[in-house]
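Sharing a structure, written as structure tokens. Questions coming.
The values are calculated or read from the model by the stated rules, or taken from the named source; none is laboratory data. Everything numeric in this text was worked out from a predicted model, so none of it was measured. Ideal geometry is used to build each Cβ from the backbone, glycine not excepted, and the neighbour counts take in all protein chains shown. Protein only, heavy atoms only, side chains kept; ligands, DNA and RNA dropped before computing areas. Shrake-Rupley method; radii C 1.70, N 1.55, O 1.52, S 1.80 Å.
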Amino acid sequence: MTSPNYEAMTTKELRTYVLAHRDDQNAINALANRVETNGVKLDFPEQLPDVIRRQQEQQE
């Protein structure tokens, strides 16, 4: 099985993929890197779900 191209995904697509495939550490890392690139500093990957939830709440 080949890995998805995380770089080709939009942030929304990657976020959706991570939520559906929570055991895919490569996808989690790709999303964490993208979040940090957008100005949110993560000290631990475990913080990612909280960041996603806050961003979703802001968009509502």
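What Kirkwood hydrodynamic radius do you get for the chain when you take the inverse of the mean 1/r over all pairs of distinct Cα atoms, in Å?
For the chain, inverting the mean 1/r across all distinct Cα pairs yields 11.8 Å.
I would also like to ask the following. Restrict the search to the stretch 30-60; then list the trypsin sites (Lys or Arg not before Pro) that DSSP places in a loop and that have at most 16 other Cβ atoms within 10 Å of their Cβ.
Answer by residue number: Lys41.
State the percentage of accessible surface on the chain attributable to carbon and sulfur atoms; use a 1.4 Å probe and exclude ligands, DNA and RNA.
48 percent
Averaged per residue, what accessible area in Å² does the chain show with a 1.4 Å probe, protein chains only?
76 Å²
Compute the acute angle (0 to 90°) between the alpha-carbon long axis of helix 48-59 and the principal axis of greatest extent of the alpha-carbon atoms of the chain; round to the nearest 10°.
So the helix axis and the longest Cα principal axis differ by about 60 degrees.
A follow-up question, please. Report the label-to-label distance for Asp23 and Gln59 in nanometres (one decimal), using points 7 Å from each Cα along the Cα→Cβ vector.
Distance between label points: 2.7 nm.
Sequence gap at least 6, Cα distance under 8 Å: using those rules, report the relative contact order of the chain to the nearest whole percent.
The value is 24 percent.
Here's something else I'd like to know. Angle between the Cα long axis of helix 25-37 and the longest principal axis of the chain, 0 to 90 degrees, nearest 10?
Tilt of helix 25-37: around 40 degrees.
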